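Comments concern the structure below.
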Amino acid sequence: MAYPGYGGGFGNFVSQMPGMQMQMGQPAPGTGPHVLPGGHSGYPAYSMNYPSAEDPMWTYFAAVAGQDGEVDAEELQKCLTQSGISGTYSPFSLETCRIMIAMLDRDYTGKMGFNEFKELWTALNAWKQNFITIDQDQSGTVEHHELNQAIAAMGYRLSPQTLAVIVKRYSKNGRIFFDDYVACCVKLRALTDFFRRRDHLQQGVVNFIYDDFLQGTMAI
């Protein structure tokens, strides 16, 4: 068994995603994912054996990156808007860009380097494709039951109570827009990763020190 969203080529929403057999409402048990060298759990590792200038995404990134070769939330927002990755949907909000950085900020700089940006790009494309698939009426929004389906497709097995909380948090007038959907995906992954790293016995149970809990959750 594995934590949701890990160890199975995340983004393949056609086949069954790695999930967990568990009782509804119970903590998510599982084993640690396979971590690819130079990459991150459940996502492909990117080789930097070629000049960055040869990568088409480098153009978007380099146009806004600072002298340190990294981007903050405002620069990331500008980069993603200019790239057009959101397609016909509204550009990502600054708050969503903040939690995107927090999701991949393993060195706690508050910024994102190029490798992290490429990892984010892979995740965003997977989430976008999933959103397009479930947005059957092409309204640019999804209903609560469609969000539940998307969450299940990513391997999460959540209780109806938890799903209701998520829907309430990310819906507007009963519908979920693309930016809110991505924010939900980012936070689910980030919080799961935060929990998984501390679940040393892989039993779905963690004892938190209060300060550690606040550091992990307030950063996301």
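Can you pull the accessible area of H145 for me, 1.4 Å probe, Å² to the nearest 10?
80 Å²
Expressed in nm to one decimal, what extension gain is obtained for the pair R106 and L94 from 0.36 nm per residue of sequence separation less their Cα-Cα distance?
Here the answer is 2.3 nm.
Treating the beta-carbon of each Lys and Arg as +1 and of each Asp and Glu as -1, no other charges, what is the dipole magnitude of the stretch 93-220 about its Cα centre, to the nearest 20 debye?
Using only the charged Cβ atoms, the result is roughly 120 debye.
At 0.36 nm per residue, and after removing the present C-alpha to C-alpha distance, how many nm does the segment from D55 to I209 gain when stretched out fully?
Length difference between fully extended and current span is 51.2 nm.
Ignoring ligands and nucleic acids, what accessible area does S90 show with a 1.4 Å probe (Å², nearest 10)?
80 Å²
Students sometimes get this wrong: rank W127, W121, W58 by accessible area, probe 1.4 Å, all chains present, largest first.
Final ranking, largest accessible area leading: W58, W121, W127.
Less than 9 Å Cβ to Cβ from S171, Lys/Arg counted +1 and Asp/Glu -1: what total charge do the surrounding residues give?
+2
Please give the net charge around E74, taking every other residue with its beta carbon less than 14 angstrom from that of E74, where Lys and Arg add +1 and Asp and Glu add -1.
Residues near E74 contribute -1 overall.
For the pair K172 and R198, how long in nm is the line joining their label points, each one 7 Å along Cα→Cβ?
So the label points at K172 and R198 sit 3.3 nm apart.
To the nearest 10 square angstrom, what accessible area does R196 show with a 1.4 Å probe?
R196 exposes around 30 Å² with every protein chain in place.
The values are calculated or read from the model by the stated rules, or taken from the named source; none is laboratory data. Small disclaimer: the values here were computed from a predicted structure and weren't measured. Don't worry about glycine lacking a Cβ; one is built from the backbone with ideal geometry, like all the others, and counts go over all protein chains shown. Areas reflect the complete protein model, heavy atoms only, side chains present, ligands, DNA and RNA absent. Shrake-Rupley method; radii C 1.70, N 1.55, O 1.52, S 1.80 Å.
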